[in-house]
Structures are given as structure tokens and as C-alpha cells.
Amino acid sequence: MSSFSNVENLSPQIIRQVSKEIADLCNDPPEGIKIFPNEEDITDIQAQIEGPSGTPYAGGLFRMKLVLGKNFPSEPPKGFFTTKIFHPNVASNGEICVNTLKKDWKAELGIKHVLLTIKCLLIVPNPESALNEEAGKLLLEQYEDYSSRAKLYTEIHAKPPKSLKDTAGILEETSKNGQDGPMAKKHAGDKNVLDKKKKEKKKVLKRL
């Protein structure tokens, strides 16, 4: 168990409550959100959020985590993006600033509500509570520049790798084709051209 775990500080009732909610989220996740439970430490909740369409984050997969403190649920969890992102409400260390995790927090709000709120933050950033001042300023004054920078970060840091299925499909196709693949055909064509040139050269030499 992690030395930073707060499990021992939470009551058995809260631990059961959090465990049940995480299990429910795994079985029936909100759209565009995936949970990765930490079996060794339920106070460290890992998740992945799909970049919403129509935003500079579209097409990206953003890993994040919620850290439950020893006074949870009286105090809100802390939220962090572990995937680098250019966003007004995300600090350079990944810390997320959203009112739900601060002044608007209520003990009855669950993990699902927090995750959905953070996803909404990708759709509607709040420049008034910016942790990244540059992003907040660009959002208000030069949206195109803000959008371009956010898209660049998404492209570099959050774009998912090609699926193993796609890669396997390509390898399988190559294996099936054997020597009949595109490259093999090209080499065969090159060989035919060379053979033809050699024959022509022999004909010319015979005439001399």
C-alpha cells in the first residue's frame, strides 16, 4: 500500500461507500469516462476522459486522478490531470481548479459527479479561476491562438496510439500476402525490368 494512502484514516463505512461507487462506475461508466480502480488504495482513483467533440481536446485521451483526503467526504478530493493539457483551469503540475472541488463541494456529491464536472470543464473552461494564466488570457482575448495551442498539446500528449487490433490486422495481411505484398510486387517488377535490360544488352553485343 502506498505510504501516501489515506485508507487508514477513513471510516469503514466511507471505505465501503467509495468501494461500491467505484465498482458501479466500472460496471456502468459515464459516457466518455473510464475508471481504473486501484485495488491497493481506493483513495487514489484513476480515470481517463475522452476529449469532447467540438473542443480543442477532441480525439485525445486524458488520464487523471482523484485523491481522497483523510477528511473525505467532509472535504472534497483533489483532482489532477496526469496527461499534459493546455487549459485555463489546470496548473502546470496537473492540479484541477473547479468550484465543485472547492467552495461548491457537498459531502453528498459522489465521485461520478466530480468526474462529470471535470469533463464539462473541457467543454466550458472558466477563465475567471485560471491556474494557467496564459491559457486563461488567450481564451478571453485570442481564442484561435488558445485553440491552436490546446490542439497541439492534445496531438502531442493525448492522442491514443494505434490500436493493437489495427497493428495485428496489418501484420496478418502482410503474412497472408507473403511474397505477394505490395513491396514484393514492386521488387518483382524491378527484377523484370533488369532482366529485360540484360537481354537487350546481350542482343546488342551479338550484333557487334
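Leaving ligands, DNA and RNA out of it, rank Leu101, Leu116 by accessible area with a 1.4 Å probe, largest first. Could the numbers behind the result be given before it?
Working: Leu101 15, Leu116 65 Å².
So the residues, ranked largest to smallest area, are Leu116, Leu101.
Using only the alpha-carbon atoms of region 54-170 as identical scatterers, what base-10 log of I(q)/I(0) does the Debye formula give at q = 0.11, 0.12, 0.21, 0.22 Å⁻¹?
These q points yield log10 I(q)/I(0) values of -0.41, -0.48, -1.14, -1.21.
So how far, in whole Å, is the C-alpha centre of region 132-159 from the one of region 1-56?
28
Among the listed pairs Lys112/Lys151; Lys106/Lys159; Lys65/Lys151; Lys78/Lys103; Lys84/Lys137; Lys65/Lys137, give every one whose C-alpha distance is greater than 24 Å. Before the final figure, lay out the partial values.
On the way: Lys112/Lys151 27 Å; Lys106/Lys159 34 Å; Lys65/Lys151 22 Å; Lys78/Lys103 13 Å; Lys84/Lys137 19 Å; Lys65/Lys137 26 Å.
Going by Cα-Cα distance, Lys112/Lys151; Lys106/Lys159; Lys65/Lys137 fall outside the 24 Å limit.
Can you give the log10 of the normalised intensity I(q)/I(0) at q = 0.15 Å⁻¹, computed with Debye over equal Cα scatterers of region 1-127?
-0.67
Excluding Gly110 itself, what net charge comes from residues whose Cβ is under 11 Å from its Cβ, given Lys and Arg +1 and Asp and Glu -1?
On the way: positive: Lys20, Lys106, Lys112; negative: Glu21, Asp24, Glu108.
My count for the surroundings of Gly110 gives 0.
Calculate, for region 1-122, the solvent-accessible area per residue in square angstrom, rolling a 1.4 angstrom probe over the heavy atoms of the protein chains. Show your work: numbers first, answer last.
Details: 6210 Å² over 122 residues.
I get 51 Å² per residue for region 1-122.
On a 1.4 Å probe surface of the protein chains, which of Glu108, Glu75, Glu128 comes out largest in accessible area, and what is the full order?
Working: Glu108 145, Glu75 95, Glu128 175 Å².
From most accessible down to least: Glu128, Glu108, Glu75.
Rounded to the nearest 10 Å², what accessible area does His113 have for a 1.4 Å probe in the complete protein model?
Taking all protein chains as shown, His113 has close to 80 Å².
For region 1-81, what % of the accessible area comes from carbon and sulfur atoms, probe 1.4 Å? Can you show the working numbers first?
Values: 2110 of 4400 Å².
That fraction is 48 percent.
With Cβ to Cβ distances under 13 Å as the rule, what net charge do the other residues near Tyr143 carry (K, R +1; D, E -1)? Walk me through the intermediate numbers first.
Working: positive: Lys137, Arg149, Lys151; negative: Glu141, Glu144, Asp145.
Net charge around Tyr143: 0.
What percent do you get for the relative contact order of region 8-140 when only Cα pairs under 8 Å and 6+ apart count? Write down the numbers at each step before the final one.
Details: 212 pairs, mean separation 25.2, N = 133.
For region 8-140, the relative contact order is 19 percent.
The values are calculated or read from the model by the stated rules, or taken from the named source; none is laboratory data. In this text the structure is predicted, and so the values were computed from the model without any measurement. Cβ coordinates were reconstructed from backbone atoms using ideal geometry, including for glycine residues, and neighbour counts include every protein chain displayed. The accessibility values were calculated without ligands, DNA or RNA, using every heavy atom of the protein model including side chains. Shrake-Rupley method; radii C 1.70, N 1.55, O 1.52, S 1.80 Å.
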